Amino acid sequence: FNRTLAQEWAYRQPFTSNIQRTTALSPWLIHYNTTRAHSALAGQPPTSRLSPT
């Protein structure tokens with residue numbers, strides 16, 4: 001996760017403030033957990049592992 005966070009989010013664009021960086025983190029985390037393919041999960045996002053309630 002940390003390597004992916006650094007490569008795909010933290011160093012992809014310059015941030016001019018910590019507020020800007022914090023605001024950009026939430027949408028990226030949603031993408032990471034709900035739509036981004038993960039090789040360890042056969043191309044599925046982490047939320048695919050959750051049981052429906």
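Each value in this text was obtained by applying a stated rule to the coordinates, not by laboratory testing. What you are looking at is a predicted structure, and each value in this text was computed from that prediction instead of being measured. Methodologically, a virtual Cβ is constructed for each residue, glycine included, from the backbone with ideal geometry; neighbour enumeration extends over all protein chains shown.
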How high is the relative contact order of the chain, in percent, with contacts defined as C-alpha pairs under 8 Å that are six or more residues apart? 20 percent
So what J values fall out for region 38-50 if you push phi through Karplus, 6.51 cos²θ - 1.76 cosθ + 1.60 with θ = phi - 60°, rounded to Hz, Gly and Pro as x? 10, 4, 5, 10, 6, x, 9, x, x, 5, 5, 7, 7
Coil-residue trypsin sites (Lys or Arg not before Pro) of the chain, DSSP, other Cβ within 10 Å capped at 13: 12
What's the longest piece of the chain with no exposed chymotrypsin sites (Phe, Trp or Tyr not before Pro), counting a site as exposed if DSSP puts it in a loop and it has at most 16 other beta carbons within 10 Å? 16-53
